[in-house]
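**Student:** First the structure, then my questions, so here it is.
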Amino acid sequence: MASRITGWTVLPVSPVPRELDHGDARGRPEEEVVALFDQFRDPLLRYLSSLGIQFADGEEVIQEVFLSLFQHLRHGKARDNLRGWLFRVAHNLALKRRYRTLRESASLGKTGAEELAMAPGPSPEEQVVNSQTQQRLQAVVQALPEQDRRCLSLRAEGLRYREIAEILDMSLGAVSLSLGRSLARIARAAER
Amino acid sequence: MRLMKHEDSHLTDQQLLLDVEGQLSTHDGKLVRSHLDACWKCRTRRQEIDQAIADFVRVYQREFEGKLPPAEGPRALLRAQMAQLSAVAPIARSRWLAPSRRIDWVLAAAACGLAALGLYLVRAAVTGQGRPHRQTVIVSIPDSRLTPGAALLASRQTVCAQANTKNKAVPVALQREVFQEYGISGAEPQAYEVDYLVTPALGGADDIRNLWPHSYSATAWNARVKDALEDRLREMVCDGRLDLTEAQREIAGDWIAAYKKYFHTDHPLEEHWKQRAP
């Protein structure tokens, strides 16, 4: 907007606020948290969606995760592998939320199936656009056991085997077995 | 890891996957590669596993392509909630707070309440729930990507010659754009001042990059507190005690830090944050 009006200039805002010049050498936790939010919000939202959490609920979980991270950093706690930390906390909070939703559904007499539905599948239009192979692969992925799907999603988000093992509380061997099993199914579906 | 017992046995899918993923030890990796050099069947299977990874990644990407909601609103909310937490429960507590565990609990409860309120608000922002009840998202610091600040190229004399130092009203359409940009399009307008980051009284421009929705009463660092800082800075600029460009930079960089600096306090003064909204 300013470019259309001559004589205006946009002031540069220094990336580290002046207040920090004589503060913590690592910068304000707020800025660090926002930088991590920008980096990991989408991967976390995708992962939560693959757990069956709707986007709106996923956003809430993510806010809670990053506020916990803010407190974690403010109190000077361990900062190694924050990516693993974020996914682990998000995973645990999401499962708690799902459990709570299930209990509430049970008390309201709902089956819970609609509450735990996966993120909405492709619309009829999208289904036409998707190739048959794609649809078959999608169906295979949806039909995988939940833990196998979690392993695949975390791996697709770039997490290492060791990180996946920590997040899902599995052994390293179990992670590689799970991934191997899932990929074998996907390979079989692609062959048909 | 135990690899093939016999020369003529084949590699398992798990062994092939670990090779594809580079997860094998140097020793096992050498054994696998030497087997693959000789075994067409395992080589083909390895390619199939590689292909399955590519297929899954395509399915995974397609599932979310263009479907994730924008991050601006949630980011602005996160910033606001962090500012609230910092104000309610500062890390470096003053001496009178330190011995009291009861006060710790009060602070923790207040922080939890704020977090719960924030979560409710972000849900409402994403789902549109809560309407027609309007939202009041707490915003006390601007998102520097959306609002970096913009100023006119004006001299100190021009700025100080302005008789009217009140901020002129922001057009409603522009206000709506600002709310939308911050992901709080259903906001209660009376709860905010669509505020100039650099006030026009200090040469601030009438530009969306210089505008943000500042909460009036939901936070200690509210719009009225910033108004007091603007008055103080203008007074100092016009008295020749502060350079105009420096004042613009300080207020655009971190207005809360500037307030603390020029009012010599870590907390907003009561006479400022308790003023009535216009």
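**Student:** State all residues of region A:160-192 that are farther than 21 Å from A:Lys96 by Cβ and outside any helix (DSSP H, G or I); if no residue qualifies, say none.
**Tutor:** Of everything in region A:160-192, those that are farther than 21 Å from A:Lys96 by Cβ and outside any helix (DSSP H, G or I) turn out to be A:Arg160, A:Ser171, A:Arg192.
**Student:** Then there's this: Residues that are among the acidic types (Asp, Glu), at least 1 per element: which helices (runs of 4 or more DSSP H) completely within region B:224-278 meet that?
**Tutor:** Numbers: elements: B:244-253, B:255-263, B:270-273.
Qualifying helices (runs of 4 or more DSSP H): B:244-253, B:270-273.
**Student:** Say whether the condition of being more than 24 Å from A:Arg98 (Cα to Cα) and not in a helix (DSSP H, G or I) is met by at least one residue in region A:68-75.
**Tutor:** Within region A:68-75 (the criterion being more than 24 Å from A:Arg98 (Cα to Cα) and not in a helix (DSSP H, G or I)), the answer is yes, since at least one residue qualifies.
**Student:** In region A:55-73, how many are more than 8 Å from chain B (Cβ to nearest Cβ) and either among the β-branched types (Val, Ile, Thr) or touching a residue at least 24 places away in the same chain (Cβ under 8 Å) (or both)? Lay out the reasoning, then the answer.
**Tutor:** Initially, region A:55-73 is screened for residues more than 8 Å from chain B (Cβ to nearest Cβ), giving A:58, A:61, A:65, A:68-69, A:72-73.
From the residues that got through so far, the ones that are either among the β-branched types (Val, Ile, Thr) or touching a residue at least 24 places away in the same chain (Cβ under 8 Å) (or both) too are A:58, A:61, A:65, A:69, A:73.
Number of matching residues: 5.
**Student:** Being out of contact with any Ser or Thr (no Cβ under 9 Å at 6 or more places or on another chain), surrounded by fewer than 18 Cβ atoms within 10 Å (Cβ to Cβ) and under 18 Å from A:Leu93 (Cα atoms) is the filter here, so list the residues in region A:135-165 that pass it.
**Tutor:** Within region A:135-165, A:Glu146 is the sole residue that qualifies.
**Student:** Give me the residue from region A:28-45 that is in contact with an Asp or Glu (Cβ under 8 Å, 6 or more places away or on another chain) and either more than 7 Å from chain B (Cβ to nearest Cβ) or surrounded by fewer than 21 Cβ atoms within 10 Å (Cβ to Cβ) (or both) and, out of that set, modelled with the lowest pLDDT. Let's see the steps before the verdict.
**Tutor:** To start, the set of residues in region A:28-45 that are in contact with an Asp or Glu (Cβ under 8 Å, 6 or more places away or on another chain) comprises A:28, A:43, A:45.
Right, trim to either more than 7 Å from chain B (Cβ to nearest Cβ) or surrounded by fewer than 21 Cβ atoms within 10 Å (Cβ to Cβ) (or both) and you get A:28, A:43.
Values: A:Arg28: 79, A:Pro43: 95.
In this case the residue turns out to be A:Arg28.
**Student:** Taking the options B:Asp55, B:Asp19, name whichever one is surrounded by 13 or more Cβ atoms within 10 Å (Cβ to Cβ), touching a residue at least 24 places away in the same chain (Cβ under 8 Å) and assigned to a helix (DSSP H, G or I).
**Tutor:** Numbers: B:Asp55 fails: touching a residue at least 24 places away in the same chain (Cβ under 8 Å).
Every option except B:Asp19 fails the conditions.
**Student:** Any idea which residue in region B:68-83 is farthest from the other protein chains (Cβ to nearest Cβ), counting only those that are farther than 12 Å from A:Phe37 by Cβ and outside any helix (DSSP H, G or I)?
**Tutor:** B:Pro70
**Student:** Looking for whichever is of a type outside the set (Lys, Arg), surrounded by 17 or more Cβ atoms within 10 Å (Cβ to Cβ), within 46 Å of the chain's Cα centre (by Cα) and within 14 Å of chain A (Cβ to nearest Cβ) here; the options are B:Glu48, B:Glu65. Which one fits?
**Tutor:** On the way: B:Glu65 fails: surrounded by 17 or more Cβ atoms within 10 Å (Cβ to Cβ).
Result of the check over B:Glu48, B:Glu65: B:Glu48.
**Student:** While we're on this one: I'm trying to understand the selection: among the residues of region B:173-205, which are of a type outside the set (Val, Ile, Thr), in a loop (DSSP other than H, G, I, E, B), modelled with pLDDT under 85 and in contact with a helix residue (DSSP H, G or I) (Cβ under 7 Å, 6 or more places away or on another chain)?
**Tutor:** Filtering region B:173-205 for residues of a type outside the set (Val, Ile, Thr) gives B:173-177, B:179-183, B:185-193, B:195-197, B:200-205.
Now restrict to residues that are in a loop (DSSP other than H, G, I, E, B): B:182-183, B:185-186, B:188, B:197, B:203, B:205.
Going one step further and asking which of them are modelled with pLDDT under 85, we end up with B:182-183, B:185-186, B:188, B:205.
Hits for region B:173-205 are B:Tyr182, B:Gly183, B:Ser185, B:Ala205.
**Student:** Does region B:251-269 contain at least one residue that is surrounded by fewer than 22 Cβ atoms within 10 Å (Cβ to Cβ), among the hydroxyl-bearing types (Ser, Thr, Tyr) and under 16 Å from B:Ser155 (Cβ atoms)?
**Tutor:** Looking for residues that are surrounded by fewer than 22 Cβ atoms within 10 Å (Cβ to Cβ), among the hydroxyl-bearing types (Ser, Thr, Tyr) and under 16 Å from B:Ser155 (Cβ atoms), one finds none in region B:251-269, hence no.
The values are calculated or read from the model by the stated rules, or taken from the named source; none is laboratory data. Predicted model only: the values in this text are computed from it and were never measured. No Cβ is skipped: glycine too gets one built from the backbone with ideal geometry, and neighbour counts run over all protein chains shown.
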